[in-house]
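These notes concern the structure reproduced below.
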Amino acid sequence: MTQLMEKTRKHFNLYDDDSGEYSIEIDPREANRESVKLLRELGFNRMSLGVQDFDPAVQKAVNRIQTQAETFEVLEGAREAGFMSVNVDLIYGLPLQTEQGFINTLDKVLEAQPDRFSIFNYAHMPSMFPTQKKMNEADMPSADEKLTILHSTTERLLEAGYVYIGMDHFAKPDDELAVAQRNENLYRNFQGYSTHAECDLVGMGATSISLVNNTYAQNCKSLAEYYEAIDSGNLAVYRGVQLTEDDELRRDVITRLISHFHLNFAKIDAQWNIRFKEYFAKELQNLNPMAKDELLTITDQDIYISAKGRLLIRNICMVFDAYLKQGTENRFSKVI
């Protein structure tokens with residue numbers, strides 16, 4: 001990791017005063033206080049810890065045995081080392097999970113008061129991820145059970161004082177994500193939420209995705225192909241796409257809704273030189289059933305997402321996705 005960061009600093013301008021956002025995802029089973037201290041010395045200032053679930057039966061079912069002691073040692077080590085923010089990942093929808101069992105895990109993590117939570121919906125796609133075939137589908141909670149877990153988890157986190165940022169994320173009110181959302185300068189890209197909007201993203205490593213200007217590019221999927229391209233002095237990119245102006249406009253609309261739960265038509269009109277209500281007349285019409293279900297409110301100049309609508313923000317944003325309308329197969333995780 002030291003060599004990697006030295007090489008990165010050689011080719012990129014990294015800040016040394018914590019004004020940059022340098023985050024790392026950690027498996028607590030593979031770290032300790034000393035390694036966490038080293039990461040902080042290398043410049044990392046934010047951390048995300050994978051927990052998933054503390055229930056022993058669930059851990060055995062997903063082949064991830066991880067003790068509370070291992071987890072909290074790393075979390076406490078991050079605080080001692082001066083990490084500015086610590087996030088904890090939990091996953092619902094795993095085999096043998098129950099509402100009460102998941103809440104028990106949540107309560108144990110809440111005792112440590114992490115700055116942020118990510119509550120992810122497990123996506124079971126064994127056709128894409130063969131290792132998932134080892135899991136027993138019969139042991140997985142139903143859609144109704146998963147919805148119950150999500151509802152109870154959301155209530156518990158709100159009661160504990162966390163703010164719902166959206167798209168599975170919660171944060172303390174004074175966390176920079178919550179502050180940025182209140183100021184409507186929060187930004188979301190395919191990596192997650194950030195306070196640094198409109199940054200280019202350079203993906204390094206197999207399968208990683210880069211975003212530069214209005215283009216997306218994905219690196220080779222296999223290590224052999226990736227190293228062959230690098231050793232030949234070539235970019236390890238195997239596919240990409242250049243966005244049209246309509247793509248960029250729709251991305252902006254979707255990003256604002258996902259990040260702020262609010263969209264002002266005049267701001268879109270001024271930035272893109274359109275008349276929102278004319279350009280998106282069909283989309284506004286398609287939102288009416290959601291408005292009737294009290295998921296959102298549409299005024300002459302704005303769209304406001306309600307509290308319960310925020311849990312279904314993916315569905316709301318899908319209305320503005322031109323490619324879904326063309327019948328593009330959606331192989332990825334369902335909302336619930």
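Points to keep in mind about this one:
- Condition met for VAL163 (more than 25 Å from THR255 (Cβ to Cβ), of a type in the set (Val, Ile, Thr) and assigned by TED's automatic domain parsing to the domain that holds ARG29): no
- Which listed residue is among the basic types (Lys, Arg), in contact with a helix residue (DSSP H, G or I) (Cβ under 8 Å, 6 or more places away or on another chain) and in contact (Cβ under 8 Å) with a residue 12 or more places away in the chain, from LYS308, LYS277: LYS277
Yes/no matrix, rows are residues, columns are (1) free of Cβ contacts under 8 Å to residues at least 24 places away in the same chain; (2) among the β-branched types (Val, Ile, Thr); (3) at positive phi:
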site	(1), (2), (3)
ASN213	yes, no, yes
GLU225	yes, no, no
SER232	yes, no, no
VAL241	no, yes, no
LEU249	no, no, no
HIS260	no, no, no
ILE268	yes, yes, no
GLU283	no, no, no
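- Any hit, the range 78-94, residues being in the same structural domain as THR154 (by TED's automatic domain parsing), assigned to a loop (DSSP other than H, G, I, E, B), touching a residue at least 12 places away in the same chain (Cβ under 8 Å) and aliphatic (A, V, I, L, M): yes
- Residue check for VAL58: within 25 Å of SER142 (Cβ to Cβ), more than 22 Å from the chain's Cα centre (by Cα), in a helix (DSSP H, G or I) and of a type in the set (Val, Ile, Thr): yes
- Scanning the range 1-48 for residues that are part of a loop (DSSP other than H, G, I, E, B), buried (at least 16 other Cβ atoms within 10 Å of the Cβ) and among the polar types (S, T, N, Q) yields a single hit, ASN45.
- Options PHE320, PHE280, PHE276, PHE261; residue that is in contact with a Lys or Arg (Cβ under 6 Å, 6 or more places away or on another chain), modelled with pLDDT of 95 or more and buried (at least 17 other Cβ atoms within 10 Å of the Cβ): PHE320
- So VAL51, is it part of a helix (DSSP H, G or I) and either of a type in the set (Lys, Arg) or in contact (Cβ under 8 Å) with a residue 24 or more places away in the chain (or both): no
- Number of positions in the range 174-188 that are in contact with a helix residue (DSSP H, G or I) (Cβ under 8 Å, 6 or more places away or on another chain) and either without any contact (Cβ under 8 Å) to a residue 40 or more places away in the chain or not in a loop (DSSP other than H, G, I, E, B) (or both): 3
- Helices (runs of 4 or more DSSP H) (entirely within the range 265-323) containing at least 1 residues that are under 27 Å from the mean Cα position of the chain (by Cα) and of a type in the set (Lys, Arg): 265-272, 307-310, 313-318
- Restricted to the range 217-258, and to residues there that are touching an Asp or Glu at 6+ places or on another chain (Cβ under 9 Å) and closer than 21 Å to ILE303 by Cβ, the residue that is surrounded by the most Cβ atoms within 10 Å (Cβ to Cβ) is VAL253.
- Flag for ALA197 being closer than 20 Å to GLN97 by Cα, assigned to a loop (DSSP other than H, G, I, E, B) and either touching a residue at least 60 places away in the same chain (Cβ under 8 Å) or not assigned by TED's automatic domain parsing to the domain that holds ILE91 (or both): no
- Meets criteria (crowded, with 20+ Cβ neighbours inside 10 Å, in contact with a strand residue (DSSP E or B) (Cβ under 9 Å, 6 or more places away or on another chain), on the phi > 0 side of the Ramachandran plot and not hydrophobic (A, V, I, L, M, F, W, C)) for GLY192: no
- The range 122-167: number of residues that are modelled with pLDDT under 90, surrounded by 14 or more Cβ atoms within 10 Å (Cβ to Cβ) and not in a loop (DSSP other than H, G, I, E, B): 3
- Complete set of residues in the range 220-235 that are among the aromatic types (Phe, Trp, Tyr) and part of a loop (DSSP other than H, G, I, E, B): none
- Taken as a whole, the condition of being over 16 Å from the mean Cα position of the chain (by Cα) and more than 19 Å from THR255 (Cβ to Cβ) does not apply to SER208.
- Complete set of residues in the range 195-211 that are at negative phi and of a type in the set (Gly, Ala, Ser): ALA197, GLY203, ALA206, SER208, SER210
The values are calculated or read from the model by the stated rules, or taken from the named source; none is laboratory data. All figures in this text were calculated on a predicted structure; none of them were measured in a lab. Positions of Cβ are backbone-derived with ideal geometry, glycine not excepted, and every protein chain shown enters the neighbour counts.
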